[in-house]
Amino acid sequence: MTLSRFAIRFFLCLFASLFLVLPASAESVLSKLLPTIVAGEVVDGADGFGSIREDVPVAPILKAGQPIGWAYIASDFVSTTGYSGKPIHTMIALDTDAKVIGVQLIKHSEPIVLIGIPDSKIKALTANYRGMDLVAEANSGGTAHELDIISGATVTVMVIDDSIVRSGLKVARALGLGGLAVEEKAAGPQFEVNPDAEAASDWMTLEGDGTIRRLSLDVGQVNAAFAAMEDPRAAQRALTQAPETTYIEMQVALVSQPAIAKSILGEAEAENLKTWLKEGEQAIAIVGKGLYSFKGSGYVRGGIFDRIVLIQNDVSVRFHDKQHRRINSLAADGAPAFIEADLFKIPADTEFDPTQPFRIQLLVQREVGAIEKVFTTFDLGYQLPQHYQRQIAAPPAAEVSASVTDAATQSEDAAHQALWKRIWLDKKLEIVVLTAMLGVLTLVFFFQGLATRNARVFFWFRIGYLTVTLVFLGWYANAQLSVVNLMALFGALVSGFSWQAFLLDPMTFILWFSLAAALLFWGRGAYCGWLCPFGALQELLSRIAKALHIPQWTLPWGLHERLWPLKYMIFLGLFGVSLMSIEQAEHLAEVEPFKTAIVLKFVRAWPFVAYVAALLIAGLFVERFYCRYLCPLGAALAIPARLRMFDWLKRYKECGSPCQTCANQCPVQAIHPTGEINPNECVNCLHCQVLYQSKTTCPVVIKKLKRRESVGDVPDLGRGFMGHPNQLKSDQN
């Protein structure tokens, strides 16, 4: 068996497994990572781990053979999804007094961390949690410690902090450490939100009865808070406004109660809110004014509101842009004028109880250097007034049995299922647009003769389509496929496949599903030539370069052909590294410029931006320079693309000998001088099909027209636009 046939069969099996493989049984993160962790790096002096408990995913940490505490991975107990959309795995060790005796950042995929901030700095920050008293955290609701944030990695650090505290409390209670115990719901009366309760119609009364709660901070209070910090630079950068100047006035109300929503938002907006919220979801309204914004601008780039977090006991909710809506106007009589007014949705799977007290924690920052900031927090407490609640009968007490762990596992699986379903619902717009794009592209490929009949119309159609691909799929939806996806898929097949992990990103899932089918029909060009945002960026810049008369370089065919293997070598190298370490392969996959140019929109450290700029500048002179010679994803797709079942691109027997028109005009030089189209390099731009029908460019068509005109019979060149799929050469003369 030749190497090429082996590679083809391997990738066929790889793609087929995407559809045929069944989910694997659940396995704790601790059991997967424990063999790779050195106990002494987590807790000083420790020399090993004991066996993982069967009921709770924790392992004793040993010193001289004796247990000194319990170690676990936070991701086994709470959500640790970070800025990257992937979990941040942290190991925490607790002693019998519920104190943290060790913390180690084990594994993460945070792009901002990988880019501009040394990994050692994040690991040093996590190590500072040693000594945290979880009993004190339980008594204070998780606020007994100071939050230390690294500028530029706000979301990452907040997720790490949240996961350490919440998972620590869960483990301490499960094991009875420090006298903590699992909180049991009272056997007496329970309460729920009363949808029939009435609310006042004016703002002042709503404030007076507790329906709306307020946090007011002036400049003097904020300056005093920063002056009390250990970093002297915080006090040196004090605000210069008068101390009584309003720094921020922030107010909050639970608007998932119908009467409160109607009073604050108005009847029409209350109905819209009711439609927006699904079963079990809650919503709060936050309004604010003053010098400081509770929203900031970080959510525009990263999709997470990093200045506010909802906290209720062990539950914390960070709001994403898809859980947010602006409030256009306030309907309550006498409502003050606010600079910001917004709605935030609380997902149903967060265990949030609207009848229990909660608080909105506001993160306030102050610049102390060119790129450095210090942070402090303020809390706005909220308790839904009693008259909005009604008593319900308490459910019968459940017997504690050995099945508790299984029930918890089932609950976690249900939560994951609810999560991906909610994500798909939140991305309805993106899914609809992507589906429409795929439908349009499919029609273009099936009816390519008709689509390419008018060269000018097709040119602008393609420019428009690529613009949507770049702006919508790329910069808005971040639906940029990567060779990392393939390596992650292979790793999942080896270690235990789970549909839920791939369903968490509906755009990527749909694109890969569609691409797998397209490879059998049209090869890799369906994606590379039409749906790749970075490819679209290169081609659009090339069009601009041509309009500005920037010279275009055509590499000699021999050199051009010898540069093709580069991308295959890069792909095979990355794939080989991924077999040993997927994390190392992800680092090396920075050869792909997608993360910098598309996902992070060039907001990155200068070496990465300079690298992408160099590729784009090269593309101004050699169209799609990166696609032609360096793209490992294109190489990976080209291998199974050789299995395609049809040859859709029509050719004349004169193509290549003597005519070289298509070969000379092919944007990526995918046509051999002998006339054959190389399917591994073709991006299906269909320019050759435009030329195939051109009455002014194609010598074969021109010759035929002249011959027919001599007898007054001008053919309809659009007739039979689909042709026969296997027709590579026409018998026309």
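The values are calculated or read from the model by the stated rules, or taken from the named source; none is laboratory data. What you see is a predicted model, and the numbers here were worked out from it, not measured in a lab. Please note: Cβ atoms are built from the backbone with ideal geometry, for glycine as well, and neighbour counts cover all protein chains shown. Note: areas computed on protein heavy atoms with side chains; ligands, DNA, RNA excluded. Shrake-Rupley method; radii C 1.70, N 1.55, O 1.52, S 1.80 Å.
Buried (at least 24 other Cβ atoms within 10 Å of the Cβ), modelled with pLDDT of 90 or more and among the hydrophobic types (A, V, I, L, M, F, W, C), is that true of L531?
Numbers: buried (at least 24 other Cβ atoms within 10 Å of the Cβ): yes; modelled with pLDDT of 90 or more: yes; among the hydrophobic types (A, V, I, L, M, F, W, C): yes.
Yes; evaluated as a whole, the condition is true for this residue.
Do we have E271 as free of Cβ contacts under 8 Å to residues at least 24 places away in the same chain and closer than 28 Å to Q312 by Cβ here? First the steps, then the outcome.
Working: free of Cβ contacts under 8 Å to residues at least 24 places away in the same chain: yes; closer than 28 Å to Q312 by Cβ: yes.
Criteria met by E271.
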As an exercise: evaluate R462 against (1) open to solvent by 20 Å² or more (accessible area, probe 1.4 Å); (2) basic (K, R); (3) modelled with pLDDT of 90 or more and give the number of the one condition it does not meet. (1)
Which one is nearest to C685 (Cα to Cα), of the residues in region 428-443 that are out of contact with any Leu (no Cβ under 9 Å at 6 or more places or on another chain) and in contact (Cβ under 8 Å) with a residue 12 or more places away in the chain? V440
Per the list (1) more than 23 Å from I248 (Cα to Cα); (2) among the acidic types (D, E); (3) buried (at least 17 other Cβ atoms within 10 Å of the Cβ), residue check on D342 breaks on (1)
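Within region 297-314, identify whether any single residue is among the β-branched types (V, I, T), in a strand (DSSP E or B) and open to solvent by 10 Å² or more (accessible area, probe 1.4 Å), and answer yes or no. Break it down stepwise before answering.
Step one: filter region 297-314 for residues among the β-branched types (V, I, T), giving 300, 304, 308-309, 311.
Then drop every residue that is not in a strand (DSSP E or B), which leaves 304, 308-309, 311.
From what is left, the residues that are open to solvent by 10 Å² or more (accessible area, probe 1.4 Å) are 304, 311.
Among the residues of region 297-314, at least one is among the β-branched types (V, I, T), in a strand (DSSP E or B) and open to solvent by 10 Å² or more (accessible area, probe 1.4 Å), which makes the answer yes.
Report yes if some residue within region 326-335 is at pLDDT below 85 and open to solvent by 40 Å² or more (accessible area, probe 1.4 Å); otherwise report no.
So in region 326-335, the residues at pLDDT below 85 come out as none.
No, the conditions are met nowhere in region 326-335.
Looking at region 431-442, which of its residues are closer than 14 Å to A526 by Cβ and in contact with a helix residue (DSSP H, G or I) (Cβ under 8 Å, 6 or more places away or on another chain)? It would help to see each step written out before you state the result.
Kept after step one, since they are closer than 14 Å to A526 by Cβ, are these residues of region 431-442: 434, 437-442.
Passing the criteria: L434, M437, L438, V440, L441.
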Limited to region 629-638, what total is found for residues that are over 14 Å from Y527 (Cα atoms) and open to solvent by 10 Å² or more (accessible area, probe 1.4 Å)? 1
Selected residue (only one of F49, F19, F15 is modelled with pLDDT of 75 or more and of a type in the set (F, W, Y)): F49
Filter result for the condition that a residue is surrounded by 15 or more Cβ atoms within 10 Å (Cβ to Cβ) and not in a strand (DSSP E or B), over M229, M250: M229
Log entry, pairs with first residue in region 210-230 being more than 28 Å from I264 (Cβ to Cβ) and in contact (Cβ under 8 Å) with a residue 60 or more places away in the chain, second being among the aromatic types (F, W, Y) and surrounded by 16 or more Cβ atoms within 10 Å (Cβ to Cβ), beta carbons closer than 8 Å, six or more apart or on different chains, reads V219/Y247; A225/F378
Check region 556-575 and report whether any residue there is of a type in the set (A, V, I, L, M, F, W, C), assigned to a loop (DSSP other than H, G, I, E, B) and either modelled with pLDDT of 90 or more or under 27 Å from F490 (Cα atoms) (or both). yes
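Count, please, the residues in region 90-104 that happen to be under 30 Å from F594 (Cβ atoms) and surrounded by fewer than 20 Cβ atoms within 10 Å (Cβ to Cβ).
Applying the first criterion (under 30 Å from F594 (Cβ atoms)) to region 90-104 yields 90.
If we keep only those that are surrounded by fewer than 20 Cβ atoms within 10 Å (Cβ to Cβ) as well, we get none.
Of the residues in region 90-104, 0 are under 30 Å from F594 (Cβ atoms) and surrounded by fewer than 20 Cβ atoms within 10 Å (Cβ to Cβ).
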Which pairs do you get when a residue that is assigned to a helix (DSSP H, G or I), found in region 582-610, comes within reach of a residue that is exposed (fewer than 14 other Cβ atoms within 10 Å of the Cβ) and modelled with pLDDT of 85 or more, reach meaning Cβ atoms under 7 angstrom, with the pair 6+ apart or on two chains? T596/F602; V609/F602
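Taking K650, is it assigned to a loop (DSSP other than H, G, I, E, B) and surrounded by 19 or more Cβ atoms within 10 Å (Cβ to Cβ)?
Working: assigned to a loop (DSSP other than H, G, I, E, B): yes; surrounded by 19 or more Cβ atoms within 10 Å (Cβ to Cβ): yes.
Criteria met by K650.
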Restricting attention to region 233-247, and to residues there that are aliphatic (A, V, I, L, M) and not in a loop (DSSP other than H, G, I, E, B), which single residue is farthest from A285 (Cα to Cα)? A235
Those residues of region 195-204 which are open to solvent by less than 70 Å² (accessible area, probe 1.4 Å) and either over 14 Å from A331 (Cβ atoms) or in a strand (DSSP E or B) (or both), in sequence order: P195, A197, D202
Return the residues of region 113-143 that are modelled with pLDDT under 70 and either at positive phi or touching a Ser or Thr at 6+ places or on another chain (Cβ under 9 Å) (or both); say none if nothing qualifies. V113, L114, I115, I117, G141, G142, T143
Hey, can you tell me all the residues within region 664-683 that are open to solvent by less than 20 Å² (accessible area, probe 1.4 Å) and not in a loop (DSSP other than H, G, I, E, B)? I671
Restricting attention to region 71-89, the residues that are at pLDDT 85 or above and open to solvent by 20 Å² or more (accessible area, probe 1.4 Å) number exactly 4
Pairs where the first residue, in region 444-465, is free of Cβ contacts under 8 Å to residues at least 12 places away in the same chain and the second is open to solvent by 70 Å² or more (accessible area, probe 1.4 Å) and not acidic (D, E), C-beta under 9 Å, 6+ apart: none
